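Okay, so here's the structure we're looking at.
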Amino acid sequence: MAGSGKTTFVQRLAAQLQGQRCPPYVINLDPAVRDLPFPANIDIRDTVKYKEVMKQYGLGPNGGIVTSLNLFATRFDQVMKFIEKRQNASKYVIIDTPGQIEVFTWSASGTIITEALASSFPSVVVYVMDTSRSTNPITFMSNMLYACSILYKTKLPFIVVMNKTDIIDHSFAVEWMQDFETFQDALNQETSYVSNLTRSMSLVLDEFYSSLKVVGVSAVLGTGLEDFFVQLSKAVDEYEREYRPEYERLRKTLEKAQSKQKREQLEHLWKDMGTVCVQSNTLAGPDDASAMGPSDLILTRGTLDEEDEERESDTDDIDHDVTEQSHEEPAFRNFMEETRMKYQRRSNQDE
Ligand SMILES: Nc1nc2c(ncn2[C@@H]2O[C@H](COP(=O)(O)OP(=O)(O)OP(=O)(O)O)[C@@H](O)[C@H]2O)c(=O)[nH]1
C-alpha cells in the first residue's frame, strides 16, 4: 500500500538484523524511489533509469515504473544467481517493491519475479498497511480486500503488518477481524451506500481473517519486530509444508520446457549450419558493450558488513560479463565449429 511505510519497515528490519550480526541481502525494486534510507545490495535504479524510460517510451509515472520493472525482470536470472551465492552469508533477503498494486502484484514482471523467488527459496509476502489510515470501517475493508487479492495472486504465505502503531494501536482492527458484531457496530455509524456492501463483504472475508497472520508494528520506533519474526518463522514453516511441493512441481515443468526448447534450438542450428555461413561483421564486437539495453547488466552494491570475498565475487561477475564481450566473436566461431564437428561425428557413427 503506497505511503504505508514499506521502505521505513525495510530499513528498520535491515537495521535490526545488522544489529544481530545477521545482515540481510536487501533489494530495492522501486525504480521511482528518490532517497533510499538503507544500503541496498541490488538497486533497480542502478540498472534502469526510470525517468529515461518514461521519456523514451512516452509514458506516465505508473507506465514508467511498470516498464522499468519489465526491463529489470528480463534479467532476473542474474539476481537469482547473486542471491544463491549469498545463501550462506545472509539468512534473509528483503525486497522492497513499488507500492501500487497494479505495478507489482498484477504486472507480468511482478509474477515472474515472485515465481522465480518462490520456486527456489522459502518466500513470504509481507503486506504493510497504515493502521492510522484504516480507522474507518469502509477504508479498513478496502484495505483487507486489497490484501486478500494480493494473497490470491501471489499464492504465498502472507503476513499483514499493521504499521504506525505509535499513532494508533492496532487492537481495534484485530477486534474487527475477530468479532463480526463489533465490526457491524462500527459500520452502523456509516450511512454511505457502500456500507451494505461492506457488511456482506465482511462475512465473506471471515475465512480469510481466520488464517491470517497479523502483527502490529511501528517501523519508526522499531516496536513489534519480535512478534514479526515469530510470525515470519511460522510463515516459513507454512511455505515448506504447503507451498514448496507446488513450486517444486512448477520448477520441474519449467526446466523440462527449457531443455526441450534448447534441444529444438540445437536441432535448428544443426540444420542451418549446412547452409548458413556466419558473417563475422554481424557479431558483437567490443564496442557494442555501450549499446547494451538498460537491463543487460544487474549491478550490485557492497554494504559495510559484507565479506570482502563476497564483494569480490559479485564484482567479478560484472567485470567478467563486460570483458567477455571482447572474446565473444572467436568464442562463438569456436562454438559453431565444435558443434558442427560433433554432429558430423554423430552422423558418421549413425551411418
Ligand atoms: N508515525 C509513523 N510514521 C511512519 C511509520 N513508518 C513510516 N512512517 C512515515 O510514513 C511515510 C511513508 O513512509 P515510506 O516508508 O516512504 O512508505 P512507503 O510505503 O515505502 O511509500 P511508497 O514507496 O511511496 O509507497 C513517511 O513519512 C514515514 O516517515 C511509523 O511506524 N510511524
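In the set Leu205, Leu212, Leu225, which member is in contact (Cβ under 8 Å) with a residue 24 or more places away in the chain and more than 18 Å from Cys148 (Cα to Cα)?
Leu225
Filter the stretch 168-178 for residues that are touching a residue at least 40 places away in the same chain (Cβ under 8 Å) and surrounded by fewer than 21 Cβ atoms within 10 Å (Cβ to Cβ) and give the result.
Matches in the stretch 168-178: Asp169, Ser171, Val174.
Give just the number: which of (1) closer than 30 Å to Asn188 by Cα; (2) within 16 Å of the ligand (Cβ to nearest atom); (3) open to solvent by 40 Å² or more (accessible area, probe 1.4 Å) does Ile95 not satisfy?
(1)
Tell me, please, whether a residue that is out of contact with any Ser or Thr (no Cβ under 8 Å at 6 or more places or on another chain), away from the ligand (no atom under 16 Å from the Cβ), touching a residue at least 40 places away in the same chain (Cβ under 8 Å) and not in a strand (DSSP E or B) can be found in the stretch 52-62.
Yes, there is a match, as at least one residue in the stretch 52-62 is out of contact with any Ser or Thr (no Cβ under 8 Å at 6 or more places or on another chain), away from the ligand (no atom under 16 Å from the Cβ), touching a residue at least 40 places away in the same chain (Cβ under 8 Å) and not in a strand (DSSP E or B).
Exactly one condition in (1) over 28 Å from Trp176 (Cβ atoms); (2) touching a strand residue (DSSP E or B) at 6+ places or on another chain (Cβ under 8 Å) is not met by Gln78; state its number.
Of the numbered conditions (1) over 28 Å from Trp176 (Cβ atoms); (2) touching a strand residue (DSSP E or B) at 6+ places or on another chain (Cβ under 8 Å), the odd one out for Gln78 is (2).
May I ask you to say which residue of Gln18, Gln11 is near the ligand (Cβ under 8 Å from one of its atoms) and not in a loop (DSSP other than H, G, I, E, B)?
Gln11
What are the residues in the stretch 21-51 that are within 16 Å of the ligand (Cβ to nearest atom), outside any loop (DSSP other than H, G, I, E, B) and either open to solvent by less than 40 Å² (accessible area, probe 1.4 Å) or farther than 15 Å from Ile95 by Cβ (or both), if any?
Result: Val26, Ile27, Asn28, Asp43, Ile44, Tyr50.
For the condition in a loop (DSSP other than H, G, I, E, B), more than 16 Å from the ligand (Cβ to nearest atom), open to solvent by less than 40 Å² (accessible area, probe 1.4 Å) and of a type in the set (A, V, I, L, M), what is the one hit in Ala89, Ala116, Ala186?
Just a single option satisfies the conditions, and that option is Ala89.
Could you tell me whether any residue of the stretch 209-218 is more than 16 Å from the ligand (Cβ to nearest atom) and surrounded by fewer than 16 Cβ atoms within 10 Å (Cβ to Cβ)?
yes
For a quick check of your reading of the model, give me the residue pairs whose first member lies in the stretch 4-20 and is of a type in the set (A, V, I, L, M), whose second is near the ligand (Cβ under 8 Å from one of its atoms), with beta-carbon atoms closer than 7 Å and at least 6 apart or on different chains.
Once the first residue is of a type in the set (A, V, I, L, M) and sits in the stretch 4-20, its partners that are near the ligand (Cβ under 8 Å from one of its atoms) give Val10/Asp96.
Taking the residues in the stretch 7-20 that are of a type in the set (Val, Ile, Thr) and surrounded by fewer than 23 Cβ atoms within 10 Å (Cβ to Cβ) as candidates, determine which candidate is modelled with the lowest pLDDT.
Among those residues, the one meeting the criterion is Thr7.
Ser4 is checked against (1) surrounded by 19 or more Cβ atoms within 10 Å (Cβ to Cβ); (2) in a helix (DSSP H, G or I) and fails just one. What number does that condition carry?
(2)
Can you name every residue in the stretch 120-141 that is assigned to a loop (DSSP other than H, G, I, E, B), surrounded by 21 or more Cβ atoms within 10 Å (Cβ to Cβ) and over 11 Å from the mean Cα position of the chain (by Cα)?
Ser134
The values are calculated or read from the model by the stated rules, or taken from the named source; none is laboratory data. As the structure is a prediction and not an experimental result, all values here were calculated from the model. When we count neighbours, we look across all protein chains shown, and the Cβ atoms used for this are built from the backbone with ideal geometry, even at glycine. Ligands, DNA and RNA are stripped out before the accessible areas are found, and what is left, the full protein with its side chains, is counted by its heavy atoms. Shrake-Rupley method; radii C 1.70, N 1.55, O 1.52, S 1.80 Å.
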